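A.B. asks: What follows is a single structure, and I will ask about it in a moment.
Coordinate-derived values only; no laboratory data. Just so you know, these numbers come straight off a predicted model, no measurement behind them. Neighbour counts are summed over all protein chains in view; Cβ atoms, including those assigned to glycine, are modelled from backbone coordinates with ideal geometry.
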Amino acid sequence: MKYPPLVSSFLVLLVFTSSWARGACPSRIGSHYLSLCQVHKLCVYPGRKTTIDLPCKISRSTAGPSGDLIIKPTESLPNEIDLWLTTGASLPTNLTLRCGEDIVIFDVIPSRASHTDYYKVEGFTKKGSCGVGANSLIDASWRSVDRKEERSELDKSANHNISKLKLIESSGGVK
């Protein structure tokens, strides 16, 4: 049967995206070596818990702004976090984890077809500069946020010193 071009294009897109989404999901239980220069996909069935185990202490975790992702650090193991999507979650969100000096980024995909229960990260395959827009730049911005108090003290000191300066003479301008 021959379909009109628009319908054919839609069918190809539908098949491609559904197979891409299925293929991108890790198995229910697995261990992985992650590149710090890539975003990793994590498929989560809304309402079910997923545990992520990193090779170092998780010092910070943040999720996307939708509020659909709930993150809870495990009390006894500082290198593990539990997370789950609320039952009404339908859109992907992101998860950023700081592990020592490294930053790991996940796309958390709501999925009714597959679910990751336990995701163990054995180690990282790429460290250092990943290029424009990658961990080297993100790491610098996280450090600046972590040192916000230090910067505010420097700002106070700089403003104090500027207020002591006097304008001696202006060169030109409107009279």
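A.B. asks: Taking the Cα-to-Cβ direction at residue 113 and at residue 90 and moving 7 Å from each Cα, how far apart do the two end points lie in nm?
C.D. replies: 1.8 nm
A.B. asks: Moving on to the next point. Going by amide H atoms built from the backbone, whose H comes under 5 Å of the H on residue 74, apart from near neighbours?
C.D. replies: Here 80, 81, 82 satisfy the definition.
A.B. asks: Can I ask one more? At what distance in nm do the modelled label points of residue 39 and residue 59 sit from each other, each positioned 7 Å from its Cα along Cα→Cβ?
C.D. replies: 2.5 nm
A.B. asks: Give me the base-10 log of I(q)/I(0) for the stretch 24-126 at each q in 0.10, 0.23 Å⁻¹, Debye formula, one uniform scatterer per Cα, rounded to two decimals.
C.D. replies: Here log10 of I(q) over I(0) equals -0.23, -1.34.
A.B. asks: Continuing with the same structure: Beta carbons within 10 angstrom, averaged per residue: use that to sort the peptides 58-70, 105-117, highest first.
C.D. replies: Output ranking for 58-70, 105-117: 105-117, 58-70.
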